[in-house]
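Okay, structure first, notes after.
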Amino acid sequence: MLFVFDFVLSLVSMFLLIIFVLVGVAFLTLLERSVLGYIQVRSGPNKVGFLGIPQPFCDAIKLFTSEQTNPYLSNYLPYYFSPVFSLFLSLLIWMIIPYMTNMFNFGLGLMFFLGCTSLGVYTVMIAGWSSNSNYALLGGLRAVAQSISYEVSLALILLSFIFLICSYSLVDFFYYQTYVWFIIITLPLCLSWFSSCLAETNRTPFDFAEGESELVSGFNVEYSSGGFALIFLSEYASILFMSMLFCVIFLGSGLLSLEFFVKLTFISFMFIWVRGTLPRFRYDKLMYLAWKKFLPLSLNYLIFFGGFKLFILVLL
């Protein structure tokens, strides 16, 4: 009976988590449109309801009720299920959020994160390939090369912290940062992590997969209505998750404090701020940044932290 109760409780909490993440994504899009409006000295959404607050829900209704078009020459099943699988991965990854109640959080959370982000590459690649459009295929290939390049930096930065705290669990980051935040002792890694997150989520200035000027809309050019909405939701769910992970790793605060959510909102705002400020890079500059700058930096920190822990163990 106790097992059934735990199972039902897990299902309910999972369902609530999905709902709250999707509502958070809705208001993140509203925040983005408002902030970009202020940056460009124009009005954001302000007509629907009080201060335009119901606008994201109106957009969702419009997208999901408009007609779904399928390219005649597309590979239908991969084309249809790729956005669904993309959103599924973006929501599944939230299981590692560090609940202090240990509802979903488990000891190998960071390994689970790396596995899910690696699978996310396939959804973009299949979306681009199955559309049978040259623009979509080029956008998909760009996104795959970009994601794989910056995943190396993300993995090495995470490995540095795994050496430092000797754990794969996100809850331990909270305990280790009781007195000092990791951002203070690892500022270069923090900046590298934030830039890699921008590249991993295909955000400006690294949005080559969606380059409107040369690729129309990139890998999602053939998607409309519900398919486009799912891709959109998965991208913003990933942005929200990366902001949460940034707060946990570098700005150490527990999930039960208001301070955590203030930090989370600020980091999400940073994603939007960068979009409104920076122009798009050249593609060779993107690869140069990943392999010539971020990779040596993260490797140096990895060796430093590894040697540091070894020195501590020898002393003990």
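Figures for the structure shown
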{"read-out": "Criterion: modelled with pLDDT of 85 or more, more than 25 Å from PHE163 (Cα to Cα) and out of contact with any Cys (no Cβ under 6 Å at 6 or more places or on another chain) - qualifying residue of PHE271, PHE232, PHE246, PHE281", "value": "PHE271"}
{"read-out": "Qualifying positions in region 217-235 - charged (D, E, K, R) and over 14 Å from ASP207 (Cβ atoms)", "value": "GLU222"}
{"read-out": "Sole exception among (1) hydrophobic (A, V, I, L, M, F, W, C); (2) loosely packed, with under 12 Cβ neighbours inside 10 Å; (3) closer than 22 Å to PHE241 by Cβ for LEU73, by number", "value": "(3)"}
{"read-out": "Single condition ALA143 does not satisfy, out of (1) farther than 17 Å from THR123 by Cβ; (2) of a type in the set (A, V, I, L, M); (3) in contact (Cβ under 8 Å) with a residue 12 or more places away in the chain", "value": "(1)"}
{"read-out": "Candidates SER160, SER149, SER130, filtered to the one that is closer than 23 Å to LEU297 by Cβ, hydroxyl-bearing (Ser, Thr, Tyr) and either surrounded by 20 or more Cβ atoms within 10 Å (Cβ to Cβ) or touching a Ser or Thr at 6+ places or on another chain (Cβ under 8 Å) (or both)", "value": "SER160"}
{"read-out": "Extreme residue, surrounded by the fewest Cβ atoms within 10 Å (Cβ to Cβ), among residues of region 170-209 that are among the β-branched types (Val, Ile, Thr) and within 27 Å of ILE231 (Cβ to Cβ)", "value": "THR204"}
{"read-out": "Filter pass, SER167 being small (Gly, Ala, Ser) and surrounded by fewer than 20 Cβ atoms within 10 Å (Cβ to Cβ)", "value": "yes"}
{"read-out": "Residue pairs meeting the criteria (Cβ under 6 Å; at least 6 apart or on separate chains; first on the phi < 0 side of the Ramachandran plot, in region 270-289; second in a helix (DSSP H, G or I))", "value": "PHE271/ILE239; ILE272/GLU32; ILE272/VAL35; GLY276/LEU36; GLY276/ILE39; TYR283/PHE208"}
{"read-out": "Hits in region 253-277 - residues which are exposed (fewer than 13 other Cβ atoms within 10 Å of the Cβ) and touching a helix residue (DSSP H, G or I) at 6+ places or on another chain (Cβ under 9 Å)", "value": "THR277"}
{"read-out": "Count - residues of region 58-77 that are at pLDDT 80 or above and either closer than 16 Å to LEU230 by Cβ or out of contact with any Gly (no Cβ under 9 Å at 6 or more places or on another chain) (or both)", "value": "7"}
{"read-out": "Residue satisfying condition, being among the basic types (Lys, Arg) and more than 25 Å from VAL221 (Cα to Cα), within set ARG33, ARG42", "value": "ARG42"}
{"read-out": "Unmet criterion (only one of (1) modelled with pLDDT of 80 or more; (2) among the polar types (S, T, N, Q); (3) assigned to a loop (DSSP other than H, G, I, E, B)) for THR29", "value": "(3)"}
{"read-out": "In region 32-56, residue surrounded by the most Cβ atoms within 10 Å (Cβ to Cβ) [restricted to those that are at pLDDT 85 or above and within 22 Å of the chain's Cα centre (by Cα)]", "value": "GLU32"}
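Table: residues versus (1) in a helix (DSSP H, G or I); (2) more than 17 Å from PHE81 (Cβ to Cβ); (3) among the polar types (S, T, N, Q).
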| position | (1), (2), (3) |
| --- | --- |
| ALA229 | yes, no, no |
| SER234 | yes, no, yes |
| SER238 | yes, yes, yes |
| LEU245 | yes, yes, no |
| LEU255 | no, yes, no |
| PHE260 | yes, yes, no |
| LYS263 | yes, yes, no |
| ILE267 | yes, yes, no |
| ILE272 | yes, yes, no |
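Table: residues versus (1) assigned to a loop (DSSP other than H, G, I, E, B); (2) without any contact (Cβ under 8 Å) to a residue 24 or more places away in the chain; (3) touching a Lys or Arg at 6+ places or on another chain (Cβ under 8 Å).
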residue	(1), (2), (3)
VAL35	no, no, no
LEU51	no, yes, no
THR69	yes, no, no
LEU73	yes, no, no
PRO78	no, no, no
PHE106	yes, no, no
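The values are calculated or read from the model by the stated rules, or taken from the named source; none is laboratory data. Note that the structure is a prediction, hence the values are computed from the model and not measured. Using ideal geometry, Cβ is built from the backbone for each residue, glycine included, and neighbour counts are taken over all protein chains shown.
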